[in-house]
1. Just from its helices, what would the mean residue ellipticity at 222 nm be for the chain, if runs of 4 or more DSSP H residues each count -39500 (n - 2.57) and the sum is divided by every residue, rounded to the nearest 500 deg cm²/dmol?
2. Have a look at Asn77, Phe37, Ser63 and report the one farthest towards the positive end of the charge dipole of region 1-139, computed about the Cα centre with Cβ charges (Lys/Arg +1, Asp/Glu -1).
3. How big is region 48-96 by the Kirkwood estimate over distinct Cα pairs, in Å?
4. So how do 194-200, 170-176 stack up, highest first, on mean other-Cβ count within 10 Å?
5. With only alpha-carbon pairs counted, each pair once and no self-pairs, how large is the Kirkwood hydrodynamic radius of region 72-142 in angstroms?
6. What number comes out for the charge environment of Leu23, summing +1 per Lys or Arg and -1 per Asp or Glu over other residues with Cβ under 15 Å away?
7. Taking the Cβ of Pro255 as the centre, find all other residues whose Cβ is under 15 Å away and add up their charges (Lys, Arg: +1; Asp, Glu: -1).
8. For Arg148 and Lys233 in the same chain, what is the full-extension length gain: residue separation times 0.36 nm, less their Cα-Cα distance, in nm?
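Laboratory data are not the source of any read-out in this text; all were calculated from the coordinates shown. From a predicted model like this one, the values you see are computed outputs, not experimental measurements. Neighbour counts run over all protein chains shown; Cβ positions are idealised from the backbone, glycine included.
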Amino acid sequence: MQIITDPFQKELKEHGNYQFPLLICRERLSKYESGSFLWHWHPEIELTLIESGEMSYHFSDRSFHLRCGDVLFGNANALHAGEMFQSLDCAYISITFDPKLIYGYDKSLIFQKYVEPLISDVSLSGIHFDGSLPWHRELALLVRDIIRLYDERPDLYEMDILSDLQKFWKLLCLHSEAKSPASSGELQNNERIRMILEYIKVHYASKIYLEDIASYIGLCKSECCRLFKRCMKISLFEFLLEYRIEKSLTFLADPGLNITEIAEKSGFNDSNYYSKSFRKIKGCSPSLYRKRLSGIEIPGRPCANAIYGKR
């Protein structure tokens, strides 16, 4: 399983509905191929509560190590990805909601004073609440109460959830430092990163030239590489290699394809290079990974990352 996105890496799943745009999901990283969910974004705000295990959670400008009981705030439109920490599974609850639940309608006073400054702050991609401050614990209680209300759905539960969200946002406003609005350059760089991800998603199975990506986003080759490394904390080449390996996992589940065919479908001209790259990233060969997927045990040949890989 993987998150389904459009060519711009926007998640396609509906988060609630028009009448009540809020969704709560219980997830495990082991449900995802390689024990990680890939880069994506959505216009909704996301709150993540770790129930068990640990997770490495990445935004384009920072990463967090989340432990059991921690809460993470993910801002609207922020690119994010997550993976197991030390290849161990992690169970978590995700709350996604349209910020309109906080401010009501466009250009309202609540929107202008308390919501827009936060959701438009490109430096505020995510906030980690680890319980180290008293207000973190108060915030975590609100998150747990929202989950309880959603599960039990007592009379007037929607209004109680809205009340908790308002209290959550008030805490956020009280304790978050006001930032200057994003500059046009910051906004343009964020859009360029999305364009690079879009290009890779569309063209990963073909030969990709750096000149084509650079031209697509309107930068020279060297600046394109510097921008990607600065924002994503990984080189463009390494990201493309990992992306192709991740895409190949779906093909490995198809017994009708051999390794050479899988390598070609994943953007590798050389099956030997594919196997070598796969082993480096996943810790085992593609063939062994395929056997593990089929439930075939290989005595004496452990493959710790075969199903739940780590970087």
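1. Working: 11 runs with 130 residues, N = 311.
Taken over the chain, the calculation gives -13000 deg cm²/dmol.
2. Selected residue: Asn77.
3. This gives a value of 10.9 Å.
4. Order by mean packing, descending: 194-200, 170-176.
5. Numbers: mean 1/r = 0.0692 Å⁻¹.
It is 14.5 Å.
6. Around Leu23, the charge tally is -4.
7. Combined, the nearby Lys, Arg, Asp and Glu give +2.
8. On the way: separation 85, 0.36 × 85 = 30.60 nm, distance 3.67 nm.
Using 0.36 nm per residue and subtracting the Cα-Cα distance, I get 26.9 nm.
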